[in-house]
Amino acid sequence: MVNVSRISRPLPHIEENKLYGPYFKGLQENKLMVQNCTECGHVQWPPRDFCYKCQGNSLDWKEVQQSGKVFTYSIMYRAFDPWFKDKLPYAVVAVELEDGVRMLGSYFADDVESIEVDMPMKASFNHENKDVSVLTWVKDNTK
């Protein structure tokens, strides 16, 4: 039997993915960062080497709001990694922010099966170690 308490959470390899670097740095600073095209003003997620709208390559990063509404979700009843076993069930949630950007994150809550489309959510930043933070979503009870 596997001792789940000694299993560490699977984390992204941020040093291997330069394109997502500013996003991961933002998570460390409790910010949501997305790409912004300086040629046409398009805001995009996930990051790319070019603007999805105008195909320009003049991109920078901007902070976006940390709340939105559930666009879609999937509830997980089986753990794809041993770390998630005692978190079941949990949801993978796509939250649509006010500017139209949709960001994925996990939703760990006792009431996970009551999640629904258009439910207000806000970002939560889990600082897993000194280098890596992970985005999760929590209900925004202020709305």
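Some points to look at:
- Within the stretch 127-141, the set of residues being more than 11 Å from the chain's Cα centre (by Cα) and assigned to a strand (DSSP E or B) comprises His127, Val138, Lys139.
- Of all the numbered requirements in (1) under 15 Å from Gly26 (Cβ atoms); (2) at pLDDT below 95; (3) exposed (fewer than 13 other Cβ atoms within 10 Å of the Cβ), Asp60 misses one, and that requirement is (2).
- Qualifying residue in the stretch 31-39 (condition: among the hydroxyl-bearing types (Ser, Thr, Tyr) and surrounded by fewer than 17 Cβ atoms within 10 Å (Cβ to Cβ)): yes
- On the stretch given as the stretch 41-56, residues that are over 21 Å from Glu96 (Cα atoms) and either of a type in the set (A, V, I, L, M) or loosely packed, with under 13 Cβ neighbours inside 10 Å (or both) total 2.
- Lone qualifier among Tyr107, Tyr77 - being modelled with pLDDT of 95 or more, in contact with a Ser or Thr (Cβ under 8 Å, 6 or more places away or on another chain) and of a type in the set (Phe, Trp, Tyr): Tyr107
- Scanning the stretch 46-82 for residues that are polar (S, T, N, Q) and outside any loop (DSSP other than H, G, I, E, B) gives Ser67, Thr72, Ser74.
- Residue within the stretch 91-110 that is without any contact (Cβ under 8 Å) to a residue 12 or more places away in the chain, acidic (Asp, Glu) and not assigned by TED's automatic domain parsing to the domain that holds Leu27 present: yes
- When residues of the stretch 98-143 are limited to those that are over 22 Å from Ile14 (Cβ atoms) and among the hydrophobic types (A, V, I, L, M, F, W, C), the one surrounded by the most Cβ atoms within 10 Å (Cβ to Cβ): Met121
- When each of Tyr90, Tyr77, Tyr73 is tested for being touching a Pro at 6+ places or on another chain (Cβ under 7 Å) and either closer than 24 Å to Asp140 by Cβ or loosely packed, with under 14 Cβ neighbours inside 10 Å (or both), the lone residue that passes is Tyr77.
- Qualifying residue in the stretch 52-60 (condition: in contact with a Ser or Thr (Cβ under 7 Å, 6 or more places away or on another chain), of a type in the set (Asp, Glu) and in contact (Cβ under 8 Å) with a residue 24 or more places away in the chain): yes
The values are calculated or read from the model by the stated rules, or taken from the named source; none is laboratory data. Just so you know, these numbers come straight off a predicted model, no measurement behind them. Cβ coordinates were reconstructed from backbone atoms using ideal geometry, including for glycine residues, and neighbour counts include every protein chain displayed.
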